[in-house]
Structure formats: C-alpha cells, structure tokens
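Worksheet for the structure shown next.
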Amino acid sequence: AQSVAQPEDQVNVAEGNPLTVKCTYSVSGNPYLFWYVQYPNRGLQFLLKYITGDNLVKGSYGFEAEFNKSQTSFHLKKPSALVSDSALYFCAVRDLGSGNTGKLIFGQGTTLQVKP
Amino acid sequence: DAGVIQSPRHEVTEMGQEVTLRCKPISGHDYLFWYRQTMMRGLELLIYFNNNVPIDDSGMPEDRFSAKMPNASFSTLKIQPSEPRDSAVYFCASSFGGLGADTQYFGPGTRLTVL
C-alpha cells in the first residue's frame, strides 16, 4: 500500500536560513509526489509536484523539492526562509491503487515556524 | 476563476441538528473531494466524485454522513444528526481528470462546531 511519512511535527528555523521539511514515501512503482501548504484558517495550496524528469522540482514562493529514489524521499527546501513561510506543510503521494483518479494520500503535516 | 467555493465558512450547531455543507468546484473540473481535518486525526478523505458519481465513500465515518453531487457545479455534505465529535474543518477540493488529475485545488473550508 502507498504511504507517506513526515517525521517531524515541527521545524524551527531563523529567517534568512535555509529550511528543509522532510518527507519519505513508500509506493510500488513510480511515485507521483506533491507538496501542499496550509496557512492559518485557509485551505491547502498546491506548491509543487514530481511526476517524472529532473529530480529537482521548483515550485511556488521559491520552494523546491528533491526527489531521491534510493532514499525514497522528497524533501521540501528553500534557500532562505521568510517569516511569512510559517505554515503547515503536507507531503502527499498519488494513490496508484485508485487508478488515474487523482486520489492523494497525505502525510500528517509539518508545522514550519520561521522566527525573525 | 474564483476557485473552489465553500459555504458556510463557519457553522455552530447543537448536537442532534442537521448540518449541510456546500461546495462549488472550479468550473471544468470533473473530480470533487470532501476532506475532514482535525488535530487528532489530521486530514482525512471522506468521499470523492467523478463526473458527479460517487467513486469511493470508504472514508465516510458513519451513516450519519451523506454526500451528493446533483450536478457538475454543486455538492453537499450532510451530517444528520450531528454530534460533538463531528467538530472539525471540512474541506472541499476539485481537480481535472487526465494529465492534470493529480493537482487538487482546495476551498477555504467550513469550520463546524457541534455543541
């Protein structure tokens, strides 16, 4: 069965420092991987996705993620964090068992706190 | 496009009352998803539709929950009777089938409080 794990409940980083939010996955076959962000009292917003191709995927707001097949990871990164990046971040994988339905399996979320 | 629209944004009701949440997906999208988010359980998929037809309702917690999609531009999630443990934020999301099927667009959510 497909699954995704976010090992950290919270990540703290100082403004201007690089940030990493970790995600590991377990799928049979080629994974479709996603990152979403949720700001307080808002719905989830799509950040980026990996389907195929270059292992480094660039997304919105200066975020990027690196697909690592050998480590089954898809960590979210940003070179220089902003206070406004503080939010809840979700990693997700497409549920291949459901066919081409777009059904996603979400991780439990990681709270990113960027301090000035 | 206005994005996914949900109403109401906030709902406070008493135990035993019927609650109806509404969703208007993005025009042209053919998949619609209902999620529930709580601190304890995180984000849970309740049910999803394709071309107005329910495909998977295995996430619906009990018979008290029901969802309909009478047309491509409207869906409802109903809880009858409501219980305090139903308190949560309920999200609707939509996506377009085919190559872009994976990217879901979420509405702002309905915060439900059952007293």
What number of residues in the range B:41-58 are more than 7 Å from every other protein chain (Cβ to nearest Cβ), over 18 Å from B:ARG85 (Cα atoms) and in contact with a Pro (Cβ under 8 Å, 6 or more places away or on another chain)? 2
Tell me, which residue of the range B:76-104 that is in contact with a His (Cβ under 8 Å, 6 or more places away or on another chain) and surrounded by 19 or more Cβ atoms within 10 Å (Cβ to Cβ) is nearest to B:PRO8 (Cα to Cα)? B:SER94
If B:ARG85 satisfies every condition in (1) within 14 Å of another protein chain (Cβ to nearest Cβ); (2) over 14 Å from the mean Cα position of the chain (by Cα); (3) free of Cβ contacts under 8 Å to residues at least 40 places away in the same chain; (4) under 25 Å from A:GLN38 (Cβ atoms) but one, which is the exception? (1)
Looking only at residues in the range A:13-47 that are over 28 Å from B:TRP34 (Cβ atoms) and under 16 Å from the mean Cα position of the chain (by Cα), which one is surrounded by the fewest Cβ atoms within 10 Å (Cβ to Cβ)? A:PRO18
Select from the range A:29-79 the residues that are among the hydroxyl-bearing types (Ser, Thr, Tyr) and touching a residue at least 24 places away in the same chain (Cβ under 8 Å) and list them in ascending order. A:TYR32, A:TYR36, A:TYR39, A:TYR50, A:TYR61, A:THR72, A:SER73
Among (1) among the acidic types (Asp, Glu); (2) within 15 Å of the chain's Cα centre (by Cα); (3) within 14 Å of another protein chain (Cβ to nearest Cβ), there is one condition A:GLU64 misses while meeting the rest; what is its number? (3)
Selection within the range B:5-33 - crowded, with 17+ Cβ neighbours inside 10 Å, within 12 Å of chain A (Cβ to nearest Cβ) and of a type outside the set (S, T, N, Q): B:CYS23, B:HIS29, B:ASP30, B:TYR31, B:LEU32, B:PHE33
Quick check on the range B:47-75: of everything there that is touching a residue at least 24 places away in the same chain (Cβ under 8 Å) and farther than 23 Å from A:PHE106 by Cα, which residue is surrounded by the most Cβ atoms within 10 Å (Cβ to Cβ)? B:MET69
Given (1) modelled with pLDDT under 95; (2) assigned to a strand (DSSP E or B); (3) not hydroxyl-bearing (Ser, Thr, Tyr), number of the condition A:HIS75 does not satisfy: (1)
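The values are calculated or read from the model by the stated rules, or taken from the named source; none is laboratory data. The model shown is predicted, which means the values in this text are computed figures rather than measured ones. Reconstructed Cβ throughout: ideal geometry from the backbone, glycine too, with neighbour counts over all protein chains shown.
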